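The values are calculated or read from the model by the stated rules, or taken from the named source; none is laboratory data. In this text, all values refer to a predicted model and were calculated from it rather than measured experimentally. Here the Cβ is made from the backbone with ideal geometry for all residues, glycine too, and neighbour counts use every protein chain on show. In case anyone asks, the SASA skips ligands and DNA or RNA and just uses the protein heavy atoms, side chains included. Shrake-Rupley method; radii C 1.70, N 1.55, O 1.52, S 1.80 Å.
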Amino acid sequence: MNQPIKIVTVSDDSDGFVLSDADAQAIEHEKHHYEDPRAASIEALKIVQKSHGWVPDGAIKAISDLLGIPASDVEGVATFYSQIYRQPVGKHIIRYCDSVVCHITGFEDIVTELEKQLKIKPGQTTPDGRFTLLPTCCLGNCDKGPTMMVNDDTHVRLVPSNLANILEQYQ
Amino acid sequence: MSLSINKTAESHPLTWCLREDEQPVWLDEYRRKEGYVGVEKALAMHPDEVVGLVKDAGLRGRGGAGFPTGLKWSLMPKDESMNIRYMICNADEMEPGTYKDRLLMEQMPHLLVEGMIIAAHAIKAYRGYIFLRGEYVEAAENLRKAIEEAKSAGLLGKDILGSGKDFELFVHTGAGRYICGEETALINSLEGRRANPRSKPPFPAVSGAWGKPTCVNNVESICNVPSILNRGVDWYKGLTVNGSNDCGTKLMGFSGRVNNPGLWELPMGTTAREILENYAGGMQEGLDLKTWQPGGAGTDFLLPEHLDLPMDFEHIQKAGSRLGTALAMAVDHKINMVSLLRNLEEFFARESCGWCTPCRDGLPWSVKVLRAIEHGEGQPGDIETLEQLCRSLAPGHTFCAHAPGAVEPLQSAIKYFREEFEAGISGQANNLREIRGIQPNQQ
């Protein structure tokens with residue numbers, strides 16, 4: 001039984017992704033800051049991520065169309081940079097510093113406590129989708145370590161006993 | 001900056017304007033405190049004169065490598081037909097143990113903007129970018145506001161202060177990855193590509209962003225420029241102490257388990273002991289200094305006996321390390337060196353861009369060996385394997401300085417604390433075979 005081969009193509013709405021007019025405009029605006037539209041690719045990914053929480057496949061295609069560069073190049077950039085998420089993440093992103101000065105001031109105790117509170121390991125998201133826990137390199141607060149960021153907020157001089165209070169602020 | 005030091009424009013050119021309440025210094029206040037005088041002076045001069053002045057002042061790059069800033073500027077092509085040039089500020093501060101550029105950008109954004117305008121005039125750039133790491137949210141906000149203020153005051157844009165000079169400045173924020181701080185990787189990232197370093201030559205001065213002549217300088221280097229224009233070469237050279245051959249002041253600090261970790265603007269040549277004991281308040285109760293890194297994760301460890309060295313490029317290099325960012329890190333006697341090195345090499349292995357094989361494969365290998373030694377499961381030959389990796393990842397084997405920087409702390413830790421590594425080697429080798437002296441290190 002010879003079935004005709006069905007060619008599956010990735011369409012704009014393959015995962016229901018629609019680039020909003022506001023995001024498209026923001027990306028258009030970014031393009032003008034550079035000699036070449038490609039330079040806006042990282043910012044474009046960040047714009048999409050800001051409105052969707054992460055970067056779905058459809059967004060890669062939409063950005064490649066808007067910037068006139070291959071989708072594979074956009075994907076290459078999206079997977080290279082650690083702050084671009086190609087899979088769904090939690091509503092709040094916890095990024096704890098695991099670099100050398102925080103090693104001395106004791107980030108391991110902080111991670112252990114976070115793992116206990118959230119019941120997840122680094123790289124995972126809580127089942128209720130509230131938090132994603134990620135390590136990050138030096139946050140430039142070495143005189144106030146251990147340190148972490150939750151979304152855009154920086155928290156310094158962490159001690160395991162005050163973590164519950166900090167997490168409480170992010171519902 | 002909590003110490004009550006009497007700071008003046010003559011003694012603390014980078015930080016004397018800082019406010020007690022740690023709020024940013026905006027345009028009006030900045031101008032009251034000699035702000036943008038340097039730009040006025042620079043614009044009245046020929047670009048080559050500005051380059052000459054910064055060269056004569058002896059300013060060396062504050063990002064870690066210490067390349068003379070004026071010399072870097074003078075490498076821009078003389079060919080006037082190459083008229084599209086870029087001035088880029090490397091504000092991708094991510095070196096573990098470094099927190100200096102953050103302070104300047106958050107609290108003194110106009111100092112950086114002023115420095116960028118002068119630099120752009122010197123190298124004849126019409127457009128500039130501040131490449132800022134994505135996590136520095138407050139710095140991005142403050143720099144953007146400062147740029148808007150400067151634009152409204154006619155200090156940026158077309159015909160700056162009626163001089164005929166045009167310059168537009170953008171803040172470009174990154175999306176993570178330490179390697180973006182490497183000058184050519186930064187240019188690739190700015191162009192919207194993966195941040196792999198480029199092969200050199202050609203150097204960015206000839207072919208940088210979009211193939212155009214480009215100059216990349218660190219935040220603190222650029223922030224030194226306005227006062228050099230304002231107060232001159234002799235004053236700048238005279239700031240130094242302890243017979244140092246380097247010039248000017250430097251943001252220096254000590255972190256780790258010291259009483260008062262922090263950041264201070266000090267003359268080049270200030271001894272590490274003075275910073276540790278007088279400013280950082282010495283080691284915490286019950287802790288002794290075991291070793292220290294003078295300037296970031298990628299610098300060789302030094303011993304307590306080296307504390308009396310003047311902190312400058314020449315003296316620290318003679319002792320077998322590098323000044324780097326001059327933000328030192330104290331390691332106390334309770335810290336195990338193998339665990340510390342495992343942490344450092346995990347960082348470098350994770351942040352390798354993967355472009356060159358020695359770096360991509362060698363660094364995870366070192367992590368594997370260090371983990372085994374840390375757990376007391378090291379095998380005879382493991383230390384030799386680490387030493388061999390230090391040689392294979394030395395300068396000249398990779399496109400950029402990432403891997404060479406990664407092995408600097410490793411080679412010096414093995415040199416000074418070999419017994420701690422030996423303590424993690426247990427029993428006989430159970431590897432099946434040796435490959436020319438390299439242990440396969442099976443899991």
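Just to verify a result, which residue in segment A:36-52, among those that are surrounded by fewer than 17 Cβ atoms within 10 Å (Cβ to Cβ) and either at pLDDT below 95 or under 25 Å from A:GLY90 (Cβ atoms) (or both), is nearest to the chain's Cα centre (by Cα)?
Here is the first cut: in segment A:36-52, the residues surrounded by fewer than 17 Cβ atoms within 10 Å (Cβ to Cβ) are A:36, A:50-51.
Next cut, either at pLDDT below 95 or under 25 Å from A:GLY90 (Cβ atoms) (or both) only: A:50-51.
Numbers: A:LYS50: 9, A:SER51: 12 Å.
Here the answer is A:LYS50.
Would you check which residues across segment B:345-368 are open to solvent by 20 Å² or more (accessible area, probe 1.4 Å) and either within 23 Å of B:THR184 (Cα to Cα) or in a loop (DSSP other than H, G, I, E, B) (or both) and list them? Step through it out loud before you land on a result.
As a first pass, look at segment B:345-368 and keep what is open to solvent by 20 Å² or more (accessible area, probe 1.4 Å): B:346, B:349-350, B:353-358, B:360-361, B:364-365, B:368.
Correct list: B:ALA349, B:ARG350, B:CYS353, B:GLY354, B:TRP355, B:CYS356, B:THR357, B:PRO358, B:ARG360, B:ASP361.
Just to be sure before I move on: is B:ASN260 within 14 Å of chain A (Cβ to nearest Cβ), open to solvent by 20 Å² or more (accessible area, probe 1.4 Å) and either free of Cβ contacts under 8 Å to residues at least 12 places away in the same chain or not aliphatic (A, V, I, L, M) (or both) in the structure I sent?
In short, yes.
Return the only residue of B:ARG342, B:ARG322, B:ARG371, B:ARG391 being open to solvent by 30 Å² or more (accessible area, probe 1.4 Å) and in the same structural domain as B:SER255 (by TED's automatic domain parsing). Give the derivation first.
On the way: B:ARG342 fails: in the same structural domain as B:SER255 (by TED's automatic domain parsing); B:ARG371 fails: in the same structural domain as B:SER255 (by TED's automatic domain parsing); B:ARG391 fails: in the same structural domain as B:SER255 (by TED's automatic domain parsing).
Unique residue meeting the criteria: B:ARG322.
So which of A:GLU113, A:GLU108 ends up being surrounded by fewer than 19 Cβ atoms within 10 Å (Cβ to Cβ), assigned to a helix (DSSP H, G or I) and within 13 Å of chain B (Cβ to nearest Cβ)?
Details: A:GLU113 fails: within 13 Å of chain B (Cβ to nearest Cβ).
Exactly one of A:GLU113, A:GLU108 is surrounded by fewer than 19 Cβ atoms within 10 Å (Cβ to Cβ), assigned to a helix (DSSP H, G or I) and within 13 Å of chain B (Cβ to nearest Cβ), namely A:GLU108.
List pairs: first in segment B:167-184 and within 9 Å of chain A (Cβ to nearest Cβ), second part of a loop (DSSP other than H, G, I, E, B) and among the charged types (D, E, K, R), Cβ under 7 Å, 6+ apart or cross-chain?
Here the result reads B:GLY174/B:ASP92; B:GLY174/B:ARG133; B:CYS180/B:ASP92, each pair linking segment B:167-184 to a residue that is part of a loop (DSSP other than H, G, I, E, B) and among the charged types (D, E, K, R).
Please pick out the residue among B:GLY52, B:GLY66 that is away from chain A (no Cβ under 14 Å), surrounded by 15 or more Cβ atoms within 10 Å (Cβ to Cβ) and under 30 Å from A:HIS103 (Cα atoms).
Values: B:GLY52 fails: under 30 Å from A:HIS103 (Cα atoms).
From the options B:GLY52, B:GLY66, the qualifying one is B:GLY66.
Conditions (1) within 13 Å of another protein chain (Cβ to nearest Cβ); (2) acidic (Asp, Glu); (3) in contact (Cβ under 8 Å) with a residue 12 or more places away in the chain; (4) under 18 Å from B:PRO68 (Cα atoms), marked per residue:
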site: B:LEU186; (1), (2), (3), (4): yes, no, yes, no
site: B:GLU191; (1), (2), (3), (4): yes, yes, yes, no
site: B:SER199; (1), (2), (3), (4): no, no, yes, no
site: B:PRO204; (1), (2), (3), (4): no, no, yes, yes
site: B:GLY211; (1), (2), (3), (4): yes, no, no, no
site: B:THR214; (1), (2), (3), (4): yes, no, yes, yes
site: B:ASN218; (1), (2), (3), (4): no, no, yes, yes
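Against the definition (open to solvent by 10 Å² or more (accessible area, probe 1.4 Å), of a type in the set (Gly, Ala, Ser) and within 23 Å of the chain's Cα centre (by Cα)), how does B:GLY162 come out, yes or no? Step through it out loud before you land on a result.
Working: open to solvent by 10 Å² or more (accessible area, probe 1.4 Å): yes; of a type in the set (Gly, Ala, Ser): yes; within 23 Å of the chain's Cα centre (by Cα): no.
In short, no.
For segment A:53-62, which residues satisfy the criterion of being open to solvent by less than 30 Å² (accessible area, probe 1.4 Å) and away from chain B (no Cβ under 13 Å)? Walk me through how you get there before you give the answer.
Let us first name the residues in segment A:53-62 that are open to solvent by less than 30 Å² (accessible area, probe 1.4 Å), namely A:55-56, A:58-60, A:62.
Within segment A:53-62, A:PRO56, A:GLY58, A:ALA59, A:ILE60, A:ALA62 meet the criteria.
Outside the structural domain of B:TYR99 (by TED's automatic domain parsing) and crowded, with 22+ Cβ neighbours inside 10 Å: is that true of B:ALA297 in this structure? Quick ask: steps written out before the conclusion?
Details: outside the structural domain of B:TYR99 (by TED's automatic domain parsing): yes; crowded, with 22+ Cβ neighbours inside 10 Å: yes.
Criteria met by B:ALA297.
Which number in (1) assigned to a helix (DSSP H, G or I); (2) in contact with a Phe, Trp or Tyr (Cβ under 6 Å, 6 or more places away or on another chain); (3) more than 14 Å from every other protein chain (Cβ to nearest Cβ) marks the one condition that B:LEU276 misses?
(3)
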